[in-house]
Ligand SMILES: *Cc1c(COP(=O)(O)O)cnc(C)c1O
């Protein structure tokens, strides 16, 4: 077995254990493998080990891999900030976007989504803890954005993405996860298409699953440490 396939086995075991502890079905949390900074060869190894959904932060870097691997049935998710000049690249190449934070971006994505592809699956990113370097719509503006995005013809509103600020304060951390879950529940109650709560990375997978995450975005624990760049 390669290292990546070993890591995937461990991550799946970790997810299953966290689900069990939270009293949730093991299949209720989907694994998104975040392959940013890693090459198509690493993605291919994960694919060979059974992984199908991959996340990328940078549109251009993602599209290079998507094109190299387009013969394989993979599902590609854009999870990084979407700049206006990258909406077309995203709309034409990805299946999902987790990081929509303003209506203008959503409108461009909808207008640019090619007719031969299914609607683009969209999560709205919420800035849950007012983190300094973080994107996302303010919690109080989420409902209005969701209502507007849900009306766009070539998008399907699927849910919420949250990236909590890492903090050693467990209580603050839990409150933050809990308020994110409340936002997700409220959105779900208003929109039948909403079923995705994208929360949890390598370091906070457990509290994320404890607090209702339905999709964890895991990079380091699968592919190893990234070179900072
Ligand atoms: C890089 C990244 C991840 C994965 O983080 P790891 O700590 O490597 O698991 C998840 N979500 C987003 C938005 C990211 O940018």
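The values are calculated or read from the model by the stated rules, or taken from the named source; none is laboratory data. This one's a predicted model, so the numbers in the text were calculated from it and none came from an experiment. A quick note on method: Cβ atoms are made from the backbone with ideal geometry, for glycine too, and the neighbour counts reach across all protein chains shown.
Identify, by number, the condition in (1) more than 16 Å from the ligand (Cβ to nearest atom); (2) part of a helix (DSSP H, G or I); (3) crowded, with 16+ Cβ neighbours inside 10 Å that residue 157 doesn't meet.
(2)
Of the residues that sit in segment 11-37 and are within 13 Å of the ligand (Cβ to nearest atom) and in a helix (DSSP H, G or I), which one is surrounded by the most Cβ atoms within 10 Å (Cβ to Cβ)? Before the answer, list the steps.
Step one: list which residues in segment 11-37 are within 13 Å of the ligand (Cβ to nearest atom), which gives 11, 14-15, 31-37.
After this cut, where a residue has to be in a helix (DSSP H, G or I) as well, the list is 11, 14-15.
On the way: 11: 19, 14: 18, 15: 25.
Filtering segment 11-37 for residues that are within 13 Å of the ligand (Cβ to nearest atom) and in a helix (DSSP H, G or I), the one surrounded by the most Cβ atoms within 10 Å (Cβ to Cβ) comes out as 15.
Is it true that some residue in segment 161-178 is modelled with pLDDT of 95 or more, touching a strand residue (DSSP E or B) at 6+ places or on another chain (Cβ under 9 Å), away from the ligand (no atom under 16 Å from the Cβ) and not in a helix (DSSP H, G or I)?
First, the residues of segment 161-178 that are modelled with pLDDT of 95 or more: 161-162.
Those still in the list that are touching a strand residue (DSSP E or B) at 6+ places or on another chain (Cβ under 9 Å) too: 161-162.
If we keep only those that are away from the ligand (no atom under 16 Å from the Cβ) too, we end up with none.
The answer is no; no qualifying residue exists.
Among the residues of segment 194-215, what is the count of those that are surrounded by fewer than 22 Cβ atoms within 10 Å (Cβ to Cβ) and farther than 18 Å from residue 75 by Cβ? Working first, answer last.
First, pick out the residues of segment 194-215 that are surrounded by fewer than 22 Cβ atoms within 10 Å (Cβ to Cβ): 195, 201-204, 206-207, 210, 212, 214.
Subsequent filtering for residues that are farther than 18 Å from residue 75 by Cβ retains 201-204, 206-207, 210, 212.
Looking only at that region, the number is 8.
Tell me whether segment 75-83 contains one or more residues that are surrounded by fewer than 17 Cβ atoms within 10 Å (Cβ to Cβ), in contact (Cβ under 8 Å) with a residue 12 or more places away in the chain, touching a helix residue (DSSP H, G or I) at 6+ places or on another chain (Cβ under 8 Å) and not in a loop (DSSP other than H, G, I, E, B).
Checked segment 75-83: no residue is surrounded by fewer than 17 Cβ atoms within 10 Å (Cβ to Cβ), in contact (Cβ under 8 Å) with a residue 12 or more places away in the chain, touching a helix residue (DSSP H, G or I) at 6+ places or on another chain (Cβ under 8 Å) and not in a loop (DSSP other than H, G, I, E, B).
Looking at segment 111-134, which of its residues are outside any helix (DSSP H, G or I) and within 14 Å of residue 97 (Cα to Cα)?
Kept after step one, since they are outside any helix (DSSP H, G or I), are these residues of segment 111-134: 113-134.
Passing the criteria: 113, 118, 119, 120, 121, 122, 123, 124, 125, 126.
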